[in-house]
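Read the structure below first, then the notes.
The values are calculated or read from the model by the stated rules, or taken from the named source; none is laboratory data. Owing to the predicted nature of the structure, the values given are computational and were not obtained by experimental measurement. Here the Cβ is made from the backbone with ideal geometry for all residues, glycine too, and neighbour counts use every protein chain on show. Just so you know, the surface numbers come from the protein's heavy atoms only, side chains and all, with ligands and any DNA or RNA stripped out. Shrake-Rupley method; radii C 1.70, N 1.55, O 1.52, S 1.80 Å.
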Amino acid sequence: MRMPTEPSDLVHFESTLEHRAWVYGTMGLLMGSVGIAGTHTDSPGEVLALLASCVASYYAADFVSGVVHWGLDNYGDGDTPFFGSQIAAFQGHHSEPWTITQRAFANNVHKVFKPATAPALVLLAAAPFTPSWLTTFGASLLLLLCLSQQTHAWAHKKPSQLPAAVLALQDAGVIVSCKVHGAHHRPPFEGNYCIVSGVWNPILDGNGSDQGFFRRLERIVQAATGVKPRCWTDPEGFAGAPEGDQDT
Ligand SMILES: [Zn+2]
Ligand SMILES: [Zn+2]
């Protein structure tokens, strides 16, 4: 595993104006959608529905983060249309996992916020005509998915590098911990794809059996397209220890 040797290595990890524009622009669209949903919420029942949709989006985001991560890790490459840069970032993360611990916030998350901008615009445009709970669910889901790249980064840092509040959230299982995500970076390199809370990992992995959700999905993709996932054909391509392991 290559480690940073030159100060110039670290320049690429700073946030640029473009990174911040994608991140804070898309966040603004999502916040605007939730604001419109709030103005259409009057009764206690509607407030309860909003709160329930926030909780549901938290669980849904962990599930979707796992499916997206699994897809990006296992299929395509940097030349794949539309998602090539996201695929290159996720697959490259396995050979140089240390880089995620060096990136500034917007630098790290902008690649996930970028493809979320179009759906965020649709959510904002449709918000005046959509039930408040549905707008809130969609906006919270998108926001949590985009921020999963930050919970992922925290899961790679040493505990001594993390704020106390983040450590407490990891310890409580509210966000994915170094220990849980560390298993994704160890043999057999075929599970623990969920990076929001990690609560779906044992369910989707089927506790390591070949009847887990991802193993079944991989067989369906192979039967339909003939394409095998990278975790079957190039498990060594997933090698690389997470940074946080060093003092846990
Ligand atoms: Zn991965
Ligand atoms: Zn990772």
Practice item. May I ask you to verify whether Pro188 is open to solvent by 40 Å² or more (accessible area, probe 1.4 Å), within 15 Å of ligand 1 (Cβ to nearest atom) and either over 27 Å from Ser15 (Cα atoms) or part of a helix (DSSP H, G or I) (or both)? Key: yes
Revision key, fill the gap. Ser148 vs (1) under 30 Å from Ser43 (Cα atoms); (2) surrounded by 21 or more Cβ atoms within 10 Å (Cβ to Cβ): all pass except (1)
Check your understanding: When you go through (1) within 16 Å of ligand 2 (Cβ to nearest atom); (2) of a type in the set (A, V, I, L, M, F, W, C); (3) under 22 Å from Val64 (Cβ atoms); (4) modelled with pLDDT under 95 one by one for Trp98, which number turns out not to apply?
Key -> (3)
Revision key, fill the gap. Filtering region 116-133 down to residues that are in contact (Cβ under 8 Å) with a residue 60 or more places away in the chain, within 21 Å of the chain's Cα centre (by Cα) and over 10 Å from Ala37 (Cβ atoms) yields Ala116, Thr117, Ala120, Leu121
Exercise for review: Please list, ordered by first then second residue, the pairs with beta carbon atoms under 7 Å, 6 or more apart or interchain, first in region 12-35 and exposed (fewer than 14 other Cβ atoms within 10 Å of the Cβ), second among the hydrophobic types (A, V, I, L, M, F, W, C).
Suggested key: Glu14/Ala104
Review point. Would region 61-77 turn up any residue that is at pLDDT below 95, loosely packed, with under 15 Cβ neighbours inside 10 Å, within 24 Å of Cys194 (Cβ to Cβ) and of a type outside the set (S, T, N, Q)?
Key: yes
Practice item. With respect to Ala127, determine if the residue is closer than 21 Å to Gly71 by Cβ, open to solvent by less than 60 Å² (accessible area, probe 1.4 Å) and out of contact with any Phe, Trp or Tyr (no Cβ under 6 Å at 6 or more places or on another chain). Key: no
Review point. For residues in region 189-219 being out of contact with any Asp or Glu (no Cβ under 6 Å at 6 or more places or on another chain) and of a type in the set (Val, Ile, Thr), which is farthest from ligand 2 (Cβ to nearest atom)?
Key: Ile203
Review point. Among the residues of region 143-162, is there at least one that is out of contact with any helix residue (DSSP H, G or I) (no Cβ under 8 Å at 6 or more places or on another chain) and closer than 26 Å to Ala89 by Cβ?
Key: yes
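Checking the condition more than 16 Å from ligand 1 (Cβ to nearest atom), under 19 Å from Tyr75 (Cβ atoms) and modelled with pLDDT of 95 or more, which residue from Val199, Val174, Val221 passes?
Details: Val199 fails: under 19 Å from Tyr75 (Cβ atoms); Val174 fails: under 19 Å from Tyr75 (Cβ atoms).
That would be Val221, the only listed residue that is more than 16 Å from ligand 1 (Cβ to nearest atom), under 19 Å from Tyr75 (Cβ atoms) and modelled with pLDDT of 95 or more.
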